[in-house]
1. Go through Pro593, Pro503, Pro556 for me and flag whichever is surrounded by fewer than 20 Cβ atoms within 10 Å (Cβ to Cβ), of a type outside the set (Ser, Thr, Tyr) and farther than 22 Å from Asp375 by Cα.
2. Does Ala459 count as among the small types (Gly, Ala, Ser) and more than 22 Å from the chain's Cα centre (by Cα)?
3. Going through Val68, Val76 one at a time, which residue ends up being touching a residue at least 60 places away in the same chain (Cβ under 8 Å), closer than 30 Å to Thr236 by Cβ, assigned to a strand (DSSP E or B) and touching a helix residue (DSSP H, G or I) at 6+ places or on another chain (Cβ under 9 Å)?
4. Test Leu442 against the criterion of being more than 30 Å from Thr547 (Cβ to Cβ) and crowded, with 21+ Cβ neighbours inside 10 Å, and give yes or no.
5. Checking Glu246 against (1) outside any loop (DSSP other than H, G, I, E, B); (2) over 17 Å from Phe551 (Cβ atoms); (3) among the charged types (D, E, K, R); (4) modelled with pLDDT of 95 or more, only one condition comes out false. Which one?
6. Can we say Asp300 is more than 26 Å from Trp550 (Cα to Cα), modelled with pLDDT under 95, exposed (fewer than 15 other Cβ atoms within 10 Å of the Cβ) and acidic (Asp, Glu)?
7. Mind telling me which of the residues Val465, Val480 ends up being at pLDDT 95 or above, farther than 19 Å from Leu336 by Cα and either surrounded by 19 or more Cβ atoms within 10 Å (Cβ to Cβ) or not charged (D, E, K, R) (or both)?
8. List the strands (runs of 3 or more DSSP E) that sit entirely inside region 398-498 and contain at least 1 residues that are without any contact (Cβ under 8 Å) to a residue 12 or more places away in the chain and in contact with a strand residue (DSSP E or B) (Cβ under 6 Å, 6 or more places away or on another chain).
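The values are calculated or read from the model by the stated rules, or taken from the named source; none is laboratory data. Please read these numbers as outputs of a predicted model, since none were measured by experiment. No Cβ is skipped: glycine too gets one built from the backbone with ideal geometry, and neighbour counts run over all protein chains shown.
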Amino acid sequence: MWDEKSRRIQILAVIVVSVILALILRLVWMQLFQGTQYKKIADQNRIRQIIAQAPRGTMYDKNGAVIVSNRPSFAVSIIPNDYTNPGEATPLLANITGIPAQEIEKLLKDSEDFPYTPVRIKRDVDAATIAKIEERQDYLPGVIIEAIPVRHYVYNQLAAHILGYVGNISEEEYALRKSKGYHPNDLVGKDGLEREWEDVLRGIDGGRQLEVNAVGEEVRPLGDRPAIPGRGLVLTLDANLQKAAEEALAYQVDASRKIGEPAKGGAVVVLDVKNGGVLAMVSNPAFDPNIFASGITSQDWNQLINNPDNPLNNRAIQNAYPPGSVFKIVTASAALEMNVTTPQEIFDDRGVYVLNGWSFYGWETKGLGKLTIVDGLAWSSDPVFYELGRRLGADNLAAYALTFGLGQATGIKLAGEATGIVPSTEWKLATYGEEWYPGETLIAAIGQGYYLVTPLQQAMLVMAVANGGIVYKPMLVDKVVTSEGSLIEKYQPEVLRTIYLRPEVWGTVRNGMIAVTTRGTGATVFKGFPKTVAGKSGSAETGRGTTHSWFACYAPAENPEIAVAALVEDGGEGSMAAAPVVRRVLEAYFGIPSKPLPPGPKAD
């Protein structure tokens, strides 16, 4: 019996010793190997880090005017770890803020890896919402009111397609940027410069460290880390010129509609020919990026995306159109350089051109009479360029179009740039499985048919003529600066391509473009203008029974400074719709008082 008791005591002793040893080993493991981790957990329970959102960098125009900044606002936010009563709090919070409960739950779920980082439920709330939150604080544990910066586009719609807008980070964007310190609740640039320069504009968040007690109440502050604002951008844009261009285009779109044209909008591009700086870039209709700054409503978003005129689309670079008679600059250059004509050759415009029994009509069906190539440019004679196109052939025409940069992206630092189309016999066979017809060459020579270009490409085409072949890459940002305005980096002009034509070819083309505004299709619009303008009008048939109106130019002709291209989509004849827009832009640039303009002649 005693042996049995002794055996039981020994077994019990072994169990007790084993338990004690296990506890000691566990304690050693926790102290030596997991001590740092548990200290971190303890600190997290004792120390709270409240994130302070950094303001994004400011954007300035070329003259130093602030065009994008930040303004103070308040946000309703949740500290996830302190949000202890979601079952009752979430429906109440949804009722106060107007944010659906499911959306609040998703925001919290996406941020579950950041228990002490505020999850912003609604930004830019008003005083009434703040009062409702504070009155119900006992029912909303973990809900706080944060002071945060909100993006502010000073002039509302001005340059909206260039500046872009900000929005909530997507899952895909977060996956890419998580390693850079982004949170699932952050705002990021979604379009325009806000997107392309996100890494420069984004600041470094700051925060406050607080010691809290067991129930989460603040005991004492432990330290502050100030937020570091993002770096600023000094743009090449001239805000005053941008405003003038926007107003001129909007006025003309409305004027075209009043005379029965179904004008949908348009675009204007103004380039500094000496360096490629974009002085203005307009797309009409536009939108106000401020509606995105604090979170766009479903109603506003649906209005934008369901608008048949696509206000979010940047027509200056993202849409491609038939170039119309502006393309005759390319045809004339190719014909002169390849010696298929001379400046002295006389053509006979009888209003119609016949090829293999097919009749191709000019815009003036009565004919324009005897013309040189300079006259042909001045009066935009279709029969003259039909003949030049026949002599050149489709593939030579395409080769020169590519040389001028058509059919290729310009490389401007904005998303979604269209390349356009430069058709050739090989291109048509590959695209449509069909042979090229001789009549298609005639149509191509006047900028119709398969050719498509962007307004930016049209501006760069006339830049090439202004510079004798030197084409600069278009740039929008001149400098990166600190939040105090000190220079960090200045960007230098970049030559995109050089087009080598004989000097006499450039001279003849320039003479033709000057003749456009002095005695040709643009003479009425530019009558009395104190600077000599070298331009080209264009009317591009859409195939829908409507016509896009083009005008592209550079000025002053003797010492070029700027290139301008304007498009009024479905606006009618080139000299009647687009040319007045260009004159208004030139008046603003040169500081010339505006006068009422007579309509131009009904010409190409």
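1. Sole residue among the options that is surrounded by fewer than 20 Cβ atoms within 10 Å (Cβ to Cβ), of a type outside the set (Ser, Thr, Tyr) and farther than 22 Å from Asp375 by Cα: Pro593.
2. On the way: among the small types (Gly, Ala, Ser): yes; more than 22 Å from the chain's Cα centre (by Cα): no.
So Ala459 fails the test.
3. Val68
4. So Leu442 does not fit the description; no.
5. Condition (2) is where Glu246 drops out.
6. yes
7. Sole residue among the options that is at pLDDT 95 or above, farther than 19 Å from Leu336 by Cα and either surrounded by 19 or more Cβ atoms within 10 Å (Cβ to Cβ) or not charged (D, E, K, R) (or both): Val480.
8. Result: 487-490.
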